[in-house]
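Asker: Below is the structure I would like to discuss, written out as structure tokens.
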Amino acid sequence: MFSDEVKIARTQLSLSQQALAQELNVSFATINRWERGRTEPHPAIRTVFYKFCKKKGVKFNTEKTNG
């Protein structure tokens, strides 16, 4: 889920929600809503997030578990 990926990125980069918001040029409230699963980003913003993560070396666990 995208909310999990936001949390993973913040944890790996040791960033607060505010700091990540500044890095991505979005509001703190936006990051908070993403993490809580309240909203999903526009596809263009999602692309910016993934490019940022790749540039910073964030690794996501891509294994899917059933159940």
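Derivation of every value follows stated rules applied to the coordinates shown; laboratory data play no part. Given the structure is predicted, the values throughout are model-derived calculations rather than measurements. Glycine also receives a Cβ, built like all others from the backbone with ideal geometry; neighbour counts cover every protein chain displayed.
Asker: Return the pairs, sorted by first residue and then second, in which the second residue is part of a helix (DSSP H, G or I) and surrounded by fewer than 15 Cβ atoms within 10 Å (Cβ to Cβ), the first residue lies in the range 12-31 and is touching a residue at least 12 places away in the same chain (Cβ under 8 Å) and among the aromatic types (Phe, Trp, Tyr), the beta carbons are less than 6 Å apart, and the residues are 6+ apart or on different chains.
Answerer: Once the first residue is touching a residue at least 12 places away in the same chain (Cβ under 8 Å) and among the aromatic types (Phe, Trp, Tyr) and sits in the range 12-31, no partner that is part of a helix (DSSP H, G or I) and surrounded by fewer than 15 Cβ atoms within 10 Å (Cβ to Cβ) comes close enough.
Asker: Would the range 48-55 turn up any residue that is among the β-branched types (Val, Ile, Thr), surrounded by 14 or more Cβ atoms within 10 Å (Cβ to Cβ) and touching a Leu at 6+ places or on another chain (Cβ under 8 Å)? First the steps, then the outcome.
Answerer: So the first thing to find is which residues in the range 48-55 are among the β-branched types (Val, Ile, Thr), and the list is 48.
Pick out the ones that are also surrounded by 14 or more Cβ atoms within 10 Å (Cβ to Cβ) and you get 48.
Checking which are touching a Leu at 6+ places or on another chain (Cβ under 8 Å) leaves us with 48.
Checked the range 48-55: at least one residue is among the β-branched types (Val, Ile, Thr), surrounded by 14 or more Cβ atoms within 10 Å (Cβ to Cβ) and touching a Leu at 6+ places or on another chain (Cβ under 8 Å).
Asker: To continue, here is another question. When the range 1-44 is examined, which residues are found to be surrounded by fewer than 15 Cβ atoms within 10 Å (Cβ to Cβ), aliphatic (A, V, I, L, M) and part of a helix (DSSP H, G or I)?
Answerer: Scanning the range 1-44 gives Ala19, Ala29, Ala44.
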